[in-house]
Amino acid sequence: MDARSHLHEALESAVSRVLRALFRVLLRHAMSYTAFEDLARRVYVDVAMKDFSIEGKKPSISRASILSGLTRKEVGRLLELRTAPDDPAQGERYNRASRVLTGWVRDPDFLNDKGEPMALAIEGPHGFTALVRRHSGDMPARAVLDELLRVGAVRWQDGQHVALQTRAYVPARSAPDKLDILGVDVAELIATIDHNIQNGDLDPRFQRKVMYEAVPDGALPAFRKLSAHQAQALLERLDAWLQTHDSVPGTTEAGGTPCTRVGLGIYYYEEPVVPPCEGEAR
């Protein structure tokens, strides 16, 4: 087998794994294959037009047809049905809300004597508006509050104070909100892997995991607790560093230095072993 055939075999295997995980989500939410295929065709053409044009030349239907394998007529039809551009506000809303929650559990000005997040009045030096101003830049406090209430991260307490419900921006109520996170986070992970495939020798981006194949079920509660605690602590330290270097999104720093959207994500994964593992943990 030559190198090119081996590459295509590896790519097919990788895409198959990604699609299996994705198709479980699609089938669970009643998206038919026909709907998926139509969406895939549109996005395929959109990416070919936007990301694979020849430098100095205007993107063309002919080139998108060559890259995608679709006919020029089909590419033209799909361009007329082109999906709306990705909404940058989606990822920004997610990130700003996360930063407010992280600040709430870390910033001593918003903690009680026991080091726990206080219920906050809307105004005042230690109020919710002050929290948002310190940890979310120029976002209106009301917009952040509405978003956190909507996803179940906070609740009203006695009608005058806002109390923390969860320490992370993970929507507890709305399936559409959780699917938004699927679109943001999985796309970012794939983009990092793609970067490392293309540029990993010269400019690698961090991408690691730990995985063991036969951990007894009885040990899982302890590891879930340990991993959640240590992962949250690491993310809070990184958040504190990024906060001191952050500027208003969409602008440049003084002197014209370009700004970049940057982050680091952690996830937990488990699945049953078939057949069940035997013996004691090592």
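We did not get these values from a lab; they are worked out from the coordinates using the rules stated. From a predicted model like this one, the values you see are computed outputs, not experimental measurements. Positions of Cβ are backbone-derived with ideal geometry, glycine not excepted, and every protein chain shown enters the neighbour counts.
Quick notes on this one:
- Where a label projected 7 Å from the Cα of Gln165 along Cα→Cβ would reach, residues of segment 101-140 with amide N under 15 Å: 101
- Estimated [θ] at 222 nm from DSSP helical runs (n ≥ 4, -39500 (n - 2.57)) normalised by residues in the chain, nearest 500: -18000 deg cm²/dmol
- Rounded D (µm²/s) - segment 97-251, Kirkwood Rh over Cα pairs, Stokes-Einstein at 10 °C, 1.306 mPa s: 88 µm²/s
- Each principal axis of the Cα atoms in segment 3-80 has its own extent, and those three values, largest first, are 42, 37, 19 angstrom.
- Taking a point 7 Å out from the Cα of Leu7 in the direction of its Cβ, the residues of segment 184-200 whose backbone N falls within less than 11 Å of it are 198.
- Taking every alpha-carbon pair in segment 160-250 and binning the separations at 10 Å intervals from zero gives 11, 23, 44, 17, 4, 0 percent.
- Residue-span extension gain [His126 to Ala231] - 0.36 nm each, minus C-alpha spacing: 35.1 nm
- Cross-link reach list, lysines versus Lys73, counting only Cα pairs under 22 Å and skipping chain neighbours closer than eight places: Lys50, Lys57, Lys58
- Here the simple spin-label model places points 7 Å from the Cα toward Cβ, and for Phe223 and Leu242 these points are separated by 2.6 nm.
- Estimated FRET transfer efficiency when R0 is 41 angstrom, pair Tyr268-Lys73 (beta carbons, to 0.05): 0.30
- Under the criterion of Cα pairs below 8 Å and six or more residues apart, the relative contact order for the chain equals 10 percent.
- Our note on the geometry: Cα centres of segment 1-55 and segment 226-245, 33 Å apart.
- 25 °C / 0.890 mPa s Stokes-Einstein diffusion coefficient of segment 88-164, Kirkwood radius on C-alpha pairs, µm²/s: 199 µm²/s
- Its Cα centre serving as origin, the chain has a Cβ charge dipole (Lys and Arg +1, Asp and Glu -1) of approximately 560 debye.
- Positive-end residue, the chain charge dipole about Cα centroid, Cβ charges, pick of Ser32, Leu145, Gly159: Ser32
- Site pair Ser32 and Glu116 shows an inter-label distance of 5.2 nm when each label is modelled 7 Å from Cα along Cα→Cβ.
- Three semi-axes of the equivalent ellipsoid, the chain, Cα gyration tensor, whole Å, largest first: 38, 28, 20
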